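The values are calculated or read from the model by the stated rules, or taken from the named source; none is laboratory data. All values derive from a computational prediction rather than experimental measurement. Positions of Cβ are backbone-derived with ideal geometry, glycine not excepted, and every protein chain shown enters the neighbour counts. Accessible surface is based on the protein model in full, side chains and every heavy atom, while ligands, DNA and RNA are left aside. Shrake-Rupley method; radii C 1.70, N 1.55, O 1.52, S 1.80 Å.
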Amino acid sequence: MSETTTQHTVPAPGTGTEREERPEPAGYPGAAQAAAAMTAHLPQRDERESDSGRPRQADILRAIGETGYRFVRCDQTIYAVAVDGGPVARPIRAKGGGGGTGSLRQCLIREYIRSTGRTPSQAALADAMASLEAIAMESPSQDIFLRVAADPVDKWTTWLDLGRNDGVSVCIEPGSWSVLAPDPVDGPLWRRSRLLREMPIPDHPPGGWKRGIELLRQVLPMSTESYPMAVAWLLAALRPNMPRPVAYLTGEQGTGKSTGGRMMLRLVDGIDAHLRSVPKTEDDLAVTTAAGWCLALDNLSGIPMWLSDFLSRVVTGDALTKRELYSDDDVVVLLYQRPVLLTGIDVGALQGDLAERMMPIQLEPITSRQRRTERHLWDTYGKAHPEILGGLLDLAALVWQKIPEAADKLAERPRMADWAELLWALDEVTGWHTLTTYTGVQEALIDDVIDGDPVATAVLRWARSHPSPWTWEGPAARLLDLLDAPASPDKDWPRTPAVLSSRLVRAAPALRRRGVDVRKLQRTKTGRPLRISTEPGTPTG
């Protein structure tokens, strides 16, 4: 860990007197002196100097890059890190400028103008960038992180990037947290995108974590049971490489779902972070997901199959491979595992995979006496933001301290075991019952999955009509005849045995939670039969 560092600059341009003596070209002698100072240790080459004996623009730019920056590779992408700057990795050429930090190309132009008072030519820039990229091919490999990172030495310590140009971050250790700049060599390196927003410097609230969490409670209109779940999701968003449930803010019209979602999002993703609508294609959504820390979608009225599958993969980690633009034989790989936040009144029927990763958060109706103007609400939130964030960090440090004990204390775990351990640690610190609440919510969602799937409903009803224990084996075609199809079958009802078999595989986890086991047996000469059985004690009806 190191103190905050200052940004590297090249030597100052020549004095005003020199410029008056040589008005043309303005500032060039100063640039020649700066380049000579920076390249004095390099071997002299004939091609470096022009007929006048002055260094070429391309060589000055290359010298600025070589002396002012070091290069690292991550996922086959090259980044530049200022030698005397913060722990921020800049892309080489990105037009977006690395989310306000600037690309290396932009930094070279800036330093050249500051040193010479002139603008470099595009040809010189192209030559310098090509040379630097060739030099960077042999650069060492180092991980680059977006917003949250694990400490390279202590696995129980995490870092939170505040999105500042100086790289100042939050180090969350078991039992405490501090604001400082990571060491650019030994600590985490941050990358920035246009979706990454700056966060305020957190304050230590005078009342500890209880004070900060209470301030958040005053502006979020959540039910008493749901509020601890929202806090748990925010804590999980501060831990890297962790599967987290999809936070789904729901409630009737006028309960402040979008406002509540933005408040939660801005605590972990910056003061200007915003909710987004669902893009039209999965590729577009994957690109925006990889570019930001949290994926927050607003006002969903339904979740189509492709989006359900996509969200399920985002929670546990996924990658998108696409052909690189303007190339025929190269690809771009986008990796992401992100916290996901959704808002909506009713998203309709849920697929089983997504339901096992969902965490509904119920918002309470806002009475006319409680309702406040948007300006007053956000003014209150803005003033309390540093203390709310500080309270959340106070709680995170205590939870981080308890998490190592969870592995031996938890007898059972839901599908996302890391999440269950965090809930157990949170309950130990606060005295809440988040793990029990989450388990109950999951059970309720299983019923929603079955109720929203006509195949699962029909199989459950048919299996429960027989005395338990009971077993049936046979082909999918026979099962399709035995099941009670809806009176008016729609597109959701399978019309072929193959479709029925596929639908049963999706519904099997939910049915198993209700005592009905569905499995595919070994393939025979006549096909691959199914086996459906009920366990002793399964209710009949």
Revision key, fill the gap. Within the stretch 400-424, of all residues that are farther than 25 Å from Arg313 by Cβ and in contact with a Pro (Cβ under 7 Å, 6 or more places away or on another chain), the one most open to solvent (accessible area, probe 1.4 Å) is Gln401
Review point. Of (1) in contact with a Ser or Thr (Cβ under 8 Å, 6 or more places away or on another chain); (2) modelled with pLDDT under 90, Ala397 satisfies all except one. Which?
Key: (2)
Study note, to complete from the structure: Flagged pairs (Cβ under 8 angstrom, 6 or more apart or on separate chains; first in the stretch 442-463, more than 13 Å from Asp484 (Cβ to Cβ) and open to solvent by 40 Å² or more (accessible area, probe 1.4 Å); second among the β-branched types (Val, Ile, Thr) and at pLDDT 90 or above) are Asp451/Thr457
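Of the residues Leu265, Leu215, which single one is assigned to a helix (DSSP H, G or I), in contact with a strand residue (DSSP E or B) (Cβ under 9 Å, 6 or more places away or on another chain), in contact (Cβ under 8 Å) with a residue 24 or more places away in the chain and within 27 Å of Leu180 (Cα to Cα)? Steps first, please.
Values: Leu215 fails: in contact with a strand residue (DSSP E or B) (Cβ under 9 Å, 6 or more places away or on another chain).
From the options Leu265, Leu215, the qualifying one is Leu265.
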Point to revise | Odd one out for Arg369, checked against (1) part of a helix (DSSP H, G or I); (2) free of Cβ contacts under 8 Å to residues at least 12 places away in the same chain; (3) not acidic (Asp, Glu) | key: (1)
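Do we have Lys383 as more than 19 Å from Ala237 (Cα to Cα), over 23 Å from the mean Cα position of the chain (by Cα) and open to solvent by 40 Å² or more (accessible area, probe 1.4 Å) here?
Answer is yes for this residue.
Among Ala134, Ala150, which is at pLDDT 90 or above and under 26 Å from Pro55 (Cα atoms)? It would help to see each step written out before you state the result.
Values: Ala150 fails: under 26 Å from Pro55 (Cα atoms).
When all the criteria are applied, what remains is Ala134.
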Point to revise | Residue count, the stretch 253-278 (criterion: modelled with pLDDT of 85 or more, open to solvent by 30 Å² or more (accessible area, probe 1.4 Å) and among the acidic types (Asp, Glu)) | key: 0
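Name every residue in the stretch 115-133 that is assigned to a helix (DSSP H, G or I), surrounded by fewer than 16 Cβ atoms within 10 Å (Cβ to Cβ) and either in contact (Cβ under 8 Å) with a residue 24 or more places away in the chain or of a type in the set (A, V, I, L, M, F, W, C) (or both), in order of residue number.
At the first step, the residues of the stretch 115-133 found to be assigned to a helix (DSSP H, G or I) are 115-116, 122-133.
Among the residues that remain, those that are also surrounded by fewer than 16 Cβ atoms within 10 Å (Cβ to Cβ) are: 122-123, 126, 130, 133.
Within the stretch 115-133, Ala123, Ala126, Ala130, Glu133 meet the criteria.
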**Study point:** Residue match in the stretch 91-103 (condition: on the phi < 0 side of the Ramachandran plot, buried (at least 18 other Cβ atoms within 10 Å of the Cβ) and assigned to a strand (DSSP E or B))
**Key:** yes
Exercise for review: Could you tell me whether Val246 is under 20 Å from Ser176 (Cβ atoms), touching a residue at least 24 places away in the same chain (Cβ under 8 Å) and β-branched (Val, Ile, Thr)?
Suggested key: no
Revision key, fill the gap. Only one of (1) over 23 Å from His274 (Cβ atoms); (2) open to solvent by 70 Å² or more (accessible area, probe 1.4 Å) does not apply to Glu198, and that is (1)
Review point. Could you list, in sequence order, the residues of the stretch 477-515 that are closer than 30 Å to Gly440 by Cα, without any contact (Cβ under 8 Å) to a residue 12 or more places away in the chain and open to solvent by 80 Å² or more (accessible area, probe 1.4 Å)?
Key: Arg512
Practice item. Select from the stretch 176-195 the residues that are open to solvent by 20 Å² or more (accessible area, probe 1.4 Å) and among the aliphatic types (A, V, I, L, M) and write down the one among them that is nearest to Leu395 (Cα to Cα). Key: Val179
Review point. Among (1) in a loop (DSSP other than H, G, I, E, B); (2) closer than 25 Å to Thr158 by Cβ; (3) acidic (Asp, Glu), where does Glu387 come up short?
Key: (1)
Exercise for review: Looking at (1) free of Cβ contacts under 8 Å to residues at least 12 places away in the same chain; (2) open to solvent by less than 40 Å² (accessible area, probe 1.4 Å), find the lone condition where Leu435 falls short.
Suggested key: (1)
Exercise for review: Starting from residues that are among the polar types (S, T, N, Q) and more than 25 Å from Leu267 (Cα to Cα), keep the ones in the stretch 279-305 and report whichever is nearest to the chain's Cα centre (by Cα).
Suggested key: Thr281
Practice item. With respect to Leu342, determine if the residue is assigned to a helix (DSSP H, G or I) and in contact with a helix residue (DSSP H, G or I) (Cβ under 9 Å, 6 or more places away or on another chain). Key: no
Exercise for review: Could you check, for the stretch 268-290, whether at least one of its residues is on the phi > 0 side of the Ramachandran plot and not in a strand (DSSP E or B)?
Suggested key: yes
Exercise for review: Considering every residue within the stretch 340-355, establish whether at least one is under 30 Å from Pro200 (Cα atoms), modelled with pLDDT under 90 and open to solvent by 10 Å² or more (accessible area, probe 1.4 Å).
Suggested key: no
Practice item. Write out, first by first residue and then by second, each pair whose Cβ atoms fall under 6 Å of each other, whose residues are 6+ apart or on separate chains, and whose first residue, in the stretch 59-84, is among the basic types (Lys, Arg) while the second is modelled with pLDDT of 90 or more and open to solvent by 20 Å² or more (accessible area, probe 1.4 Å). Key: Arg62/Ser131
